[in-house]
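Scroll down for the structure; my scribbles are underneath it.
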Amino acid sequence: MHKPYALDGAIENRKRLPHWLKMQRASGESYSRLKNLVSRHDLHTICTSGNCPNIGECWNRGTATFMILGNICTRRCKFCSVPTGRPLPVDREEPARVAESVRILEVKHCVITSVDRDDLEDLGVSLWAETIRKIKEVNPHTTMEVLIPDFQGRKNLLRKILDEKPDIVSHNLETVERITPKVRSKARYDTSLEVLRYIASEGAVAKSGIMLGLGETGDEVLESMDDLLQAGVKIMTIGQYLQPTLTHMPVSEYIRPEIFENYRQAGLSKGFSFVESGPLVRSSYHAEHHLQK
């Protein structure tokens, strides 16, 4: 007998996406404008580097998640399409370009994320802090979410992010505890929880997210929810994992929309302030609504 939120009926043909995952081709005036802006200012976005399925919808709303510290990650997670290798030197002009782009786009709520930079002594936190400061300086009325790496769990580095007082501080758990070693190259489940616990303990709004379809069970998803709540997380996102290339972790299950809705309701009943749960949900999807909530 299945558990109330077990993933029964979720397995589909991996070679063909189910109808609820079919997406319209990205197009439109706002999309083209933002695409040209990103190219002109030599910016990176997780929308493109992460092959986000919502790029058309979000860019046509004039919103995007900017990715700083380059486009090459020092980690090789089996779910992520961001290139891995030896990163280029840090671009000290990047914070100013990002801030100016936020101004040009008249963004009311921006999301900033980054690759992991384990090659740097400070893991890139100084450029993180400068980017937050610059955006606030140029765009004093723009609210901000930062989706940060784990910074190896180093609280002195996390403190530098919190000192800049972004409105929401997000760090993704990515998956359930059992599957974490299979898909995350260096990050640890417990380390991510400690990062989130520290964020919440310092009075910041803590947010996290996981992917489904990697082989997790319904009970494990509910256990991860409990772990996040105990860490002080208020906002949670749940989305479908999609295999970027044949070299990445294969999709185990395509989760039906009604299962996502079950998880959303379960999360709210457990005590989250906001749960964004759906097949096409990504961590920054509808991020402006998370702040309002």
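The values are calculated or read from the model by the stated rules, or taken from the named source; none is laboratory data. Just so we're clear, the structure is a prediction, and the values are computed from it rather than from any experiment. Note that each Cβ is placed from the backbone with ideal geometry, even for glycine, and that neighbours are counted across all protein chains shown.
Under the condition of being assigned to a helix (DSSP H, G or I) and within 16 Å of L214 (Cβ to Cβ), the residues counted in the range 252-275 number 3. Would you be able to say whether some residue in the range 256-268 is surrounded by fewer than 17 Cβ atoms within 10 Å (Cβ to Cβ), at pLDDT 95 or above, out of contact with any strand residue (DSSP E or B) (no Cβ under 9 Å at 6 or more places or on another chain) and not aliphatic (A, V, I, L, M)? Yes - at least one qualifying residue is present in the range 256-268.
Scanning the range 180-215 for residues that are touching a residue at least 40 places away in the same chain (Cβ under 8 Å) and out of contact with any strand residue (DSSP E or B) (no Cβ under 8 Å at 6 or more places or on another chain) returns K182, S185, K186, T191, E194, V195, Y198, E202, L214.
Remark: pairs (first residue in the range 145-159, more than 16 Å from I135 (Cα to Cα) and without any contact (Cβ under 8 Å) to a residue 60 or more places away in the chain; second residue of a type in the set (D, E, K, R) and surrounded by 22 or more Cβ atoms within 10 Å (Cβ to Cβ); Cβ separation under 6 Å; 6+ apart in sequence or on different chains) = P149/D116. For the range 202-211, the condition holds for at least one residue, the condition being that it is acidic (D, E), farther than 22 Å from Q240 by Cα and over 17 Å from the mean Cα position of the chain (by Cα). Do the conditions hold for M249, that is, is it under 16 Å from M211 (Cβ atoms) and either of a type in the set (K, R) or not in a loop (DSSP other than H, G, I, E, B) (or both)? Here the answer is no, as M249 does not meet what is asked.
I'd like to know if the range 162-169 contains one or more residues that are without any contact (Cβ under 8 Å) to a residue 60 or more places away in the chain, surrounded by fewer than 16 Cβ atoms within 10 Å (Cβ to Cβ) and more than 25 Å from R75 (Cα to Cα). Scanning the range 162-169, I find at least one residue that is without any contact (Cβ under 8 Å) to a residue 60 or more places away in the chain, surrounded by fewer than 16 Cβ atoms within 10 Å (Cβ to Cβ) and more than 25 Å from R75 (Cα to Cα), so the answer is yes. Of the helices (runs of 4 or more DSSP H) lying entirely inside the range 11-126, the ones with 1 or more residues being under 28 Å from E216 (Cβ atoms) and at pLDDT below 90 are found at 46-49, 55-60.
The residues listed here are L242, L193; of these, the one that is of a type outside the set (G, A, S), surrounded by 19 or more Cβ atoms within 10 Å (Cβ to Cβ) and either modelled with pLDDT of 95 or more or in contact with a Cys (Cβ under 9 Å, 6 or more places away or on another chain) (or both) is L193.
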